[in-house]
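> Right, I'll just put the structure down here and ask away after.
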Amino acid sequence: MEHELFQKLGISLALGLLVGLQRQYDQSELAGIRTFPFITIFGTLSAMLAQEFGGWVIAAGILSIAALTVAGNVIKSRSLPYKAGLTTEAAALLMYVVGAYLVLGDGTVAIAVGATVAVLLQLKSTLHGIVSKIGEKDLKAIMQFVLISLVVLPVLPDQTYGPYDVLNPHNIWLMVVLIVGISLLGYFAYQIFGHKAGSLLGGALGGLISSTATTVTYARRTHDSATSSTLAAFVVYIASAVSVARIITEVAVVAPATLATVGPPLAAVLLLMLLLGSAVYFYQKKGRDEMPPQGNPAQLKTALVFGAIYAAVILATAFAKDHFGDKGLYVVAVISGLTDVDAITLSTARLMNTGGLEFNNGWRVILVAALSNLAFKGVLVGVLGSRAMFGKVAVLFGVILIGGLLVLWLWPENLQLFTASPNQVAEEIL
């Protein structure tokens, strides 16, 4: 028992020293490397006493720390110059609570919180620099994502409705949050690197945000002679490759149990795209271009449109499976892939996750949708872009379409590269 108490006191001392070191380095006038260990140990001892005498001891300790910070600020304000602030005061109160939580709660959580306090204090300049670069448009994107994920999602009913009893508002919106979150990540990466991005990074960011939108934008730019056809074709190709990686990520998040079966054939197509893309990159590695402006992917309208598409795909999938069996899903995949491959990917992943679809049929449905989307983007280039760009895209996409069809035709039914041994993989292939 005594060993456990001394261990908690030691951890409390270490956390206080860590935060105090940072405050001392930052030249805090209120509390530093000696004061913060006193605060955390005070919190730990207060929690120990509270177990015997009641929770009022902890409350009294918080009031004492608050009174000390007020008194310290009053005393410091009499000696000019003095920069008043609340960071050290807030850290002092939080570290007192951390010290108490070491006794009353989970020690691992307390350590994580204490370390996080020190890191946040140290990252002051970095965080301020990030905030200074955020414009009104970026802040709006953040707040809209908060609205989508933390306000709308929790209030939606988690039960099924409608035909075939497959429309679950909570699950549908959860998929909206996932897709918007991935797109928002790409958007902020664009905000940091976009205007300086070369063709490789431009294509990667375009795939994260929207490969279809990237295709339309660059095709139009070649039609207006604003961008070379080789560069535009490469950017569109990389964006399409990243969209395949995005599909694999979505499956891993929504239905991780299926990844051993679903992942390898999709990864094989991705590997082919990367190998071909590498050859093209070294062929035109001198080409650089600025990314065109990207829209905010967290707009409520965008979220509602994707939610509607996803719900429609769920209904179409249920209808096709009920009336035509698993073969009907391929028709849905082709049609859905023309508009939004994410929707059919997520609906198929959830169907596999619930046992409604065999894994080997599931990955084929997803791959058919991805190939359909690739063909559709090729048509967009042909309609909107220059002839030179279309010729290059047709060759690149044609190779991938042939490779994808070969994977659909030749891939072994039970090959699981993520879980099988090298010998088992060799046996399956041979």
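> Within the stretch 46-55, work out how many residues are surrounded by 14 or more Cβ atoms within 10 Å (Cβ to Cβ) and either in contact (Cβ under 8 Å) with a residue 24 or more places away in the chain or touching a Ser or Thr at 6+ places or on another chain (Cβ under 8 Å) (or both).
4
> Within the stretch 201-221, is there a residue that is aliphatic (A, V, I, L, M), at pLDDT below 90, within 22 Å of A141 (Cα to Cα) and assigned to a loop (DSSP other than H, G, I, E, B)?
So far as the stretch 201-221 goes, no, none of its residues is aliphatic (A, V, I, L, M), at pLDDT below 90, within 22 Å of A141 (Cα to Cα) and assigned to a loop (DSSP other than H, G, I, E, B).
> In the stretch 346-354, is there at least one residue being charged (D, E, K, R), surrounded by 19 or more Cβ atoms within 10 Å (Cβ to Cβ) and at pLDDT below 85?
No, there is no match, as no residue in the stretch 346-354 is charged (D, E, K, R), surrounded by 19 or more Cβ atoms within 10 Å (Cβ to Cβ) and at pLDDT below 85.
> Also: Which of the residues belonging to the stretch 110-126 are polar (S, T, N, Q) and over 23 Å from the mean Cα position of the chain (by Cα)?
Of everything in the stretch 110-126, those that are polar (S, T, N, Q) and over 23 Å from the mean Cα position of the chain (by Cα) turn out to be Q122, S125.
> Please tell me if L178 is of a type outside the set (K, R), over 26 Å from L120 (Cβ atoms) and in contact with a strand residue (DSSP E or B) (Cβ under 6 Å, 6 or more places away or on another chain).
no
> Quick test of your reading of the structure: V74 fulfils all but one of (1) more than 18 Å from L5 (Cβ to Cβ); (2) surrounded by 14 or more Cβ atoms within 10 Å (Cβ to Cβ); (3) β-branched (V, I, T). Name the failing condition by number.
(2)
> Which pairs turn up if I take residues in the stretch 200-216 that are farther than 19 Å from V379 by Cα and look for partners that are at pLDDT below 80 and acidic (D, E) with beta carbon separation below 9 Å, at least 6 apart in sequence or on another chain?
G202/D289; G202/E290
> Could you check the stretch 360-388 and list, in sequence order, the residues that are surrounded by fewer than 20 Cβ atoms within 10 Å (Cβ to Cβ) and hydrophobic (A, V, I, L, M, F, W, C)?
A375, F376, V379, L380, V383, L384, A388
> All but one of (1) modelled with pLDDT of 85 or more; (2) closer than 26 Å to L405 by Cβ; (3) not hydrophobic (A, V, I, L, M, F, W, C) hold for P256; state the number of the condition that does not hold.
(2)
> Failed condition for A115, given (1) modelled with pLDDT of 85 or more; (2) in the same structural domain as F53 (by TED's automatic domain parsing); (3) out of contact with any helix residue (DSSP H, G or I) (no Cβ under 9 Å at 6 or more places or on another chain), with all others met?
(3)
> Got a sec? Which of I58, I33, I65, I39 is surrounded by 17 or more Cβ atoms within 10 Å (Cβ to Cβ) and touching a residue at least 60 places away in the same chain (Cβ under 8 Å)?
Result: I39 is the single residue among I58, I33, I65, I39 that is surrounded by 17 or more Cβ atoms within 10 Å (Cβ to Cβ) and touching a residue at least 60 places away in the same chain (Cβ under 8 Å).
> Something else now. If you scan the stretch 147-183, which residues turn out to be buried (at least 17 other Cβ atoms within 10 Å of the Cβ) and over 18 Å from I309 (Cβ atoms)?
S149
> Give just the number: which of (1) among the aliphatic types (A, V, I, L, M); (2) over 27 Å from W173 (Cα atoms); (3) free of Cβ contacts under 8 Å to residues at least 12 places away in the same chain does A252 not satisfy?
A252 satisfies all of (1) among the aliphatic types (A, V, I, L, M); (2) over 27 Å from W173 (Cα atoms); (3) free of Cβ contacts under 8 Å to residues at least 12 places away in the same chain except (2).
> Considering only residues that are outside any helix (DSSP H, G or I) and over 27 Å from V253 (Cα atoms), look in the stretch 127-177 and name the one that is farthest from the chain's Cα centre (by Cα).
Restricting to residues being outside any helix (DSSP H, G or I) and over 27 Å from V253 (Cα atoms), the top hit is G135.
> Of the residues V262, V244, V235, which single one is of a type in the set (V, I, T), free of Cβ contacts under 8 Å to residues at least 60 places away in the same chain and either in a helix (DSSP H, G or I) or under 20 Å from M175 (Cα atoms) (or both)?
Among V262, V244, V235, only V235 is of a type in the set (V, I, T), free of Cβ contacts under 8 Å to residues at least 60 places away in the same chain and either in a helix (DSSP H, G or I) or under 20 Å from M175 (Cα atoms) (or both).
The values are calculated or read from the model by the stated rules, or taken from the named source; none is laboratory data. It should be emphasised that the depicted structure is a prediction, and the values quoted were computed from it without experimental measurement. Neighbour counts are summed over all protein chains in view; Cβ atoms, including those assigned to glycine, are modelled from backbone coordinates with ideal geometry.
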